[in-house]
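J.: Dropping the structure in here first, questions after.
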Amino acid sequence: MSTQVHANLTDEQVREISGNLDEPEWLLETRLEALEALEDLEMPDVIRTPGRDWTNLHELDFESLVDPLNAAENKDQIGPDEAEVLPWSEAVDEHEELLREHFGSIVDPQENYLTALSTALFSTGTVIYVPEGVDAEDVTIRTEQNSRSLFNYTLVVAEKSSSVTILERQSTGTEQDEQYYSGIVEVAAGENSNVQYGSLQNLSEEAYNFAAKRGDADTYATIDWIEVNLGTQLTKSGVSTELNGEGSETQIVGAFYGHNDQHFDLDAKVWHRAEHTTADLVTRGVTDDVARSVYEGVQDVGREAWDTSSYQRENTLMLSDESEADASPKLIINNHDTEASHSATVGQIDQEELFYMISRGVDPRAARNMLVEGFFTPVLEEIAVDELREDLEELVVTRLRQRD
């Protein structure tokens, strides 16, 4: 079933957005082509079983959610002097050739309906450029949404033998009945570079969120993702890395905590395309009340990916009998010289552990909360960005207290 473009979007709106950012003609054409393609594009893939889509994206009322010319936000973009951390409008002016080379090269603007919608309408963004040999720490992007819809784009270009650590946060300022936030991230990691990209999504629980984060790792490059989801009523998020260079590596660490009627549809994917590549996918999450989680993890090992190591682990803890959790880990191996494994578990709090703690005098609520905090420990230990790890710990504790 194709998704019909909603009637309130026009070429004139797209031209106005592009003109306000003083974009060159080739960027405007890319936007207009994405807008035109909407009529024929499908929604992003979701897991399907007979008679059921695990996530229904067709019920979203984009005609009322998307208000392209009324975007409003508070944004902080902070980084060290050695790297360039630029708002989109400045990057267009100062680094047009860099944008021409990389924009839309990793996430295809017309990959699906939602990537095309974001390409046509994004009005805010950040470009992070790390020159050769530069080590850039503490790059921070904070986006506070203050409008009904907001479309955001981020490009990271790390040159040869450079490194960068990025922490991105999304939150809601002025809340409305319903909001839509879209974020696309492209990471181009040059030879022997190291990129750590941490993201904390804590939007309003009235919001809808679409995120596509993808990296391209060159020879001996490393891309590490940290993806934390706590907000929104519906999130559809994909994080992935293409290991295109020999000896390249990636780690994708995910954490989520859903309560009330939240729905998280999350996927982590890695494509091994070269020799001696390594991947580690680790996700842990909690569902409570009538919340639902859907997880898909894919490790794709290509024919030329000799001497590959690829590992995946996903665990979900359900705190109520009414919550749901589904997981679909997949291994696609086209090369016999591969070490790979994948696993997924869904369960509830261990009653023996809970009984033991209560029998030692621990209050039942405190015992349960301690077990939930302990459940997240394997993920917390993998988060190399101290600030993000501390934020996650604090937010988990806060949500557990709300439950009490």
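The values are calculated or read from the model by the stated rules, or taken from the named source; none is laboratory data. Everything numeric here is computed off the predicted structure, so don't read it as measured data. Methodologically, a virtual Cβ is constructed for each residue, glycine included, from the backbone with ideal geometry; neighbour enumeration extends over all protein chains shown. With ligands, DNA and RNA removed, areas are computed over all heavy atoms of the protein, side chains included. Shrake-Rupley method; radii C 1.70, N 1.55, O 1.52, S 1.80 Å.
J.: What is the diffusion coefficient of segment 141-254 in µm²/s, taking the Kirkwood radius over Cα pairs and the Stokes-Einstein relation at 25 °C with a viscosity of 0.890 mPa s? Walk me through the numbers on the way to the answer.
T.: On the way: Rh = 14.4 Å.
Estimated via Stokes-Einstein, D reaches 170 µm²/s.
J.: Say the dipole of the chain comes from +1 at the beta carbon of Lys and Arg and -1 at that of Asp and Glu; which of SER64, ILE166, GLN351 then lies farthest toward its positive end?
T.: GLN351
J.: Sticking with this structure for a sec: Pairs of Cα atoms under 8 Å, at least six residues apart: use those to get the relative contact order of the chain, whole percent.
T.: Working: 1032 pairs, mean separation 38.2, N = 404.
Once normalised by length, the contact order is 9 percent.
J.: Under a point spin-label approximation (7 Å from Cα along Cα-to-Cβ), what is the MET370-GLU322 distance to one decimal in nm?
T.: 2.9 nm
J.: Then there is this: If each residue of separation counts as 0.36 nm, what is the full-extension length gain between GLU132 and ASP22 once their alpha-carbon separation is subtracted? Walk me through the intermediate numbers first.
T.: Details: separation 110, 0.36 × 110 = 39.60 nm, distance 2.83 nm.
Length difference between fully extended and current span is 36.8 nm.
J.: Grab the beta carbon distance between ASP76 and ILE333, set R0 = 30 Å, and tell me the FRET efficiency rounded to 0.05.
T.: Details: r = 43 Å, r/R0 = 1.44.
Using R0 = 30 Å, I get an efficiency of 0.10.
J.: Here's another thing I want to ask about it. Count the DSSP beta bridges whose two residues both fall in segment 1-156, then state the antiparallel fraction as a percent rounded to the nearest 5.
T.: Working: 12 of 17 bridges.
In segment 1-156, approximately 70 percent of DSSP beta bridges are antiparallel ones.
J.: Take the alpha-carbon positions of segment 250-290, form their convex hull, and give its projected area averaged over all directions (one quarter of the hull surface) in nm². Intermediate results must be reported in sequence, preceding the final value.
T.: Working: hull surface 12.0 nm².
Reported value for the Cα convex hull: 3.0 nm².
J.: Would you mind computing, in nm to one decimal, how far apart the modelled labels at ARG360 and ASP108 are, each placed 7 Å from Cα along Cα→Cβ?
T.: So the label points at ARG360 and ASP108 sit 5.4 nm apart.
J.: Along the Cα-to-Cβ line of GLN13, 7 Å from the Cα, sits a label point; which residues in segment 71-91 have backbone N less than 14 Å from it?
T.: 71-72
J.: Considering the Cα trace of the chain, what is its radius of gyration and what is Dmax, both in angstroms?
T.: That works out to 21.0, 70 Å for Rg and Dmax.
J.: Determine, for each peptide in 243-256, 282-295, 8-21, the mean count of other beta carbons within 10 angstrom over its residues, then list the peptides with the highest first.
T.: Values: 243-256: 24.1, 282-295: 22.4, 8-21: 15.0.
Put in order of decreasing packing, that is 243-256, 282-295, 8-21.
J.: Still on this structure, I have one more. Per-residue accessible area for PHE103 at 1.4 Å probe radius, Å² rounded to 10?
T.: Per-residue accessible area (PHE103): approximately 30 Å².
J.: Further, regarding this structure: Expected output is a single nm value to one decimal: the length gained when fully extending between GLU381 and ARG48, i.e. 0.36 nm times separation in residues minus the C-alpha distance. What is it? Numbers along the way, then the final one.
T.: On the way: separation 333, 0.36 × 333 = 119.88 nm, distance 3.31 nm.
Stretched fully, the GLU381-ARG48 segment lengthens by 116.6 nm.
J.: Let me know the number of lysine pairs in the chain closer than 20 Å at the Cα, not counting same-chain pairs under 8 apart. It would help to have the intermediate numbers written out before the result.
T.: Numbers: LYS75/LYS213; LYS213/LYS236; LYS213/LYS269; LYS213/LYS330; LYS236/LYS269; LYS236/LYS330; LYS269/LYS330.
For the chain, qualifying lysine pairs total 7.
J.: Still on this structure, I have one more. Counting only protein heavy atoms and using a 1.4 Å probe, what share of the accessible area of segment 184-312 belongs to carbon plus sulfur, as a whole percent?
T.: For segment 184-312, the apolar C and S fraction of the accessible surface comes to 38 percent.
J.: Still on this structure, please answer the following. What whole number of Å gives the distance from the Cα centroid of segment 4-57 to the Cα centroid of segment 84-102?
T.: Centre-to-centre (Cα) distance: 22 Å.
J.: Can you give the accessible area per residue of segment 298-404, in Å², using a 1.4 Å probe?
T.: On the way: 6090 Å² over 107 residues.
Each residue of segment 298-404 exposes 57 Å² on average to a 1.4 Å probe.
J.: What fraction of the DSSP beta bridges in the chain is antiparallel, stated in percent and rounded to the nearest 5?
T.: On the way: 12 of 145 bridges.
The antiparallel proportion sits near 10 percent.
J.: Treating the beta-carbon of each Lys and Arg as +1 and of each Asp and Glu as -1, no other charges, what is the dipole magnitude of the chain about its Cα centre, to the nearest 20 debye? Show your work: numbers first, answer last.
T.: Numbers: 27 positive and 84 negative charges, 275 e Å.
That gives the chain a dipole magnitude of about 1320 debye.
J.: Between segment 349-397 and segment 103-127, what's the alpha-carbon centroid distance in Å?
T.: Cα centroid of segment 349-397 versus Cα centroid of segment 103-127: 38 Å apart.
J.: Taking the square root of 5 times each eigenvalue of the Cα gyration tensor, what semi-axes in Å does the equivalent ellipsoid of segment 289-341 have, largest first?
T.: Numbers: eigenvalues 212, 17, 6 Å².
Semi-axes, largest first: 33, 9, 5 Å.
J.: Rank-order 348-355, 141-148, 118-125 by packing density, defined as the average count of other C-beta atoms within 10 Å over each peptide's residues, highest first. Let's see the in-between values first.
T.: Working: 348-355: 12.2, 141-148: 20.0, 118-125: 23.9.
Ranked from most to least packed, the peptides come out as 118-125, 141-148, 348-355.
J.: Looking at segment 253-393, send over the antiparallel percent of its DSSP beta bridges, to the nearest 5. Walk me through the numbers on the way to the answer.
T.: Numbers: 0 of 47 bridges.
Percent antiparallel among DSSP bridges in segment 253-393 is about 0.
J.: Here's another thing I want to ask about it. On the accessible surface of segment 353-404, probed at 1.4 Å, how many percent belong to carbon and sulfur atoms?
T.: Numbers: 1540 of 3120 Å².
C and S atoms contribute 49 percent here.
J.: Here's something else I'd like to know. If I model a spin label as a point 7 Å beyond the Cα along the Cα-Cβ vector, how far apart are those points for ASP177 and THR398 in nm?
T.: 2.7 nm
J.: Now for a different question. Can you tell me, using C-alpha contacts under 8 Å and at least 6 residues apart, the relative contact order of segment 245-404 as a whole percent? Walk me through the numbers on the way to the answer.
T.: On the way: 331 pairs, mean separation 31.5, N = 160.
Normalised by residue count, the contact order of segment 245-404 is 20 percent.
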